[in-house]
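Notes for the one structure printed next.
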Amino acid sequence: MTWSMGIAVILHSLSAMIWVGGMFFAYQVLRPVIAQQLEPPARLTVWRQVFRQFFWWVWPSLAVLWVSGAWMIYAKGGFAQVGWHVHAMLSVGLLMTLVFIYLQLIPYKQLIQAVDNQHWSDGGKALARIRTLVATNLILGLITISIGAGGQYMIF
């Protein structure tokens, strides 16, 4: 069980790093450069492609996060045997997953349609909604990582 727990922790950590690290890079590094360097039509077109590529990494990361998380809970003996921090990570992770699914199904599809139809103001509105949702998930992700890294040492 120890070996499989180690693999689960590694996969879980790498998947969280890909998702949250990708959001951090996109929001804190890429977004300001694109906003400064590109006019709205080019900016929206670039973001459409960036999100398309990024989402190909997020979906498998989500699957690995949920499967590895479930495995670790199972390996510890179930929900009654894990600390508060695991319950907190699970709750915030569920919220993050729902935010991501909404982001992809509604505002990202609106961005795609706006770019494809060259409706730049609609694309700007969709991108603004995406930016808010990414910021929300980035904050939630950083909180979740903090809980995962230090929560077991914090006793309430």
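The values are calculated or read from the model by the stated rules, or taken from the named source; none is laboratory data. These numbers were taken from a predicted model, which means no experiment stands behind them. Counting neighbours? That spans all protein chains shown, and the Cβs are built from the backbone with ideal geometry, glycine included.
Residues that are outside any helix (DSSP H, G or I) and over 18 Å from Leu65 (Cα atoms): does the range 131-139 have at least one? Within the range 131-139, not a single residue is outside any helix (DSSP H, G or I) and over 18 Å from Leu65 (Cα atoms). Put simply, of Gly6, Gly93, Gly22 the only residue that is assigned to a helix (DSSP H, G or I), closer than 21 Å to Thr144 by Cβ and at pLDDT below 95 is Gly6. Among the residues of the range 113-151, those identified as surrounded by 16 or more Cβ atoms within 10 Å (Cβ to Cβ) and of a type in the set (A, V, I, L, M) are Ala114, Val115, Ala126, Leu127, Ile130, Leu133, Val134, Leu138, Leu140, Ile145, Ile147. Scanning the range 62-110 for residues that are closer than 18 Å to Leu14 by Cβ and either surrounded by fewer than 14 Cβ atoms within 10 Å (Cβ to Cβ) or touching a strand residue (DSSP E or B) at 6+ places or on another chain (Cβ under 8 Å) (or both) gives Ala63, Ala70.
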